[in-house]
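Engineer: Encoded as structure tokens, here's the structure I'll be asking about.
Read the figures in this text as sums done on the coordinates, not as results from a lab. This structure is a prediction, so every number in the text was calculated from the model and none was measured. All Cβ positions, even for glycine, are placed from backbone atoms using ideal geometry, and neighbour counts span all protein chains on display.
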């Protein structure tokens, strides 16, 4: 046995060299044997279930309505502190500063067309200026009863944006400035998100925080969008308001 081990030790380098040559030849032959590639057709082409045409016909009774969806919610903003009479029809709409300007321009043009001379024109302009100043003061007042059209009535149904900020109106009396994200979160996003806001004297929203205790059915998208749109909102200037006034905005989200 010792003679065999001594023989291996004597020729160990020759054995290692021989094995290395055989391994190299083996690897070369293996690589050389795959010169051509054959594409293997997939054996699975996707699942397919044959559905009779009558079974996929859309019918009213087969339409699934997401939980919490309310078809009676109007795409409107409303001041919770507006205690005027409420009705489902013939309700009032805000007259914005831009609306007032357009109305006066139209009325002024009509009166000038009907006027007979420079003296009459001067009288019309004075009347127009007095009337414009009166209405503008009403709209800009820090505790206004906003100018309305169609009667002194507020919509009584559910709206997508309810807000509360004492003695403030939307910027330029335009409800568009209380922004509405209610359609921005897609399918299965129905519920109400309430955001606590901080507003400075200029009417800018400087802080918006999610209020879980006053919210219902919210998800991450709804909460993020509510905070984002609350910060975009803007209210009227108030010299008498606190440096930082607290209010809230409640958003109703509708699933698409």
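Engineer: Give me the number: length gained by fully extending residue 75 to residue 188, i.e. 0.36 nm times residue separation minus the C-alpha to C-alpha distance, one decimal in nm.
Structural biologist: 38.8 nm
Engineer: Continuing with the same structure: Set the Förster distance to 22 Å, then compute FRET efficiency between residue 84 and residue 176 from the Cβ-Cβ distance, nearest 0.05.
Structural biologist: 0.60
Engineer: Once fully extended, how much extra length lies between residue 127 and residue 3, figured as 0.36 nm per residue of separation less the alpha-carbon to alpha-carbon distance?
Structural biologist: Values: separation 124, 0.36 × 124 = 44.64 nm, distance 13.13 nm.
Extra length from residue 127 to residue 3 when fully extended: 31.5 nm.
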